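Here the structure is laid out as structure tokens; the discussion comes afterwards.
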Amino acid sequence: MLFGCTTERLVVFIQDNPQFDIPLSIMNGATALRFETSPQHRHQIPRLLADDYLFSQLTERSYEAGSKQRVGRSGG
């Protein structure tokens, strides 16, 4: 289940990260994700929704992660 994930947030992410090559369309005046049925592209949206992308505050870089564990805050 996607918590806090909206189409608007996905569109912004795609616009900020063109390397993911997910096409966008305008529908009823709003930007939306466009599903491509070709074998080389049909996995792109489900992969994005899997949310396997991380941002490092330390290096200020984005990474793709095959497995993730939630990191808790220490102290306090």
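Since every read-out is calculated from the coordinates, none of them should be taken as a lab result. For clarity, every value in this text was computed on a predicted model and none was experimentally measured. Every residue, glycine among them, receives a Cβ derived from its backbone with ideal geometry; neighbour counts consider all protein chains shown.
If you filter region 35-49 down to residues that are in contact with a helix residue (DSSP H, G or I) (Cβ under 9 Å, 6 or more places away or on another chain) and farther than 19 Å from ALA65 by Cα, you find that the one that is surrounded by the fewest Cβ atoms within 10 Å (Cβ to Cβ) is PHE35. Residue count for region 30-54, restricted to those that are farther than 14 Å from PHE13 by Cβ and among the hydrophobic types (A, V, I, L, M, F, W, C): 2.
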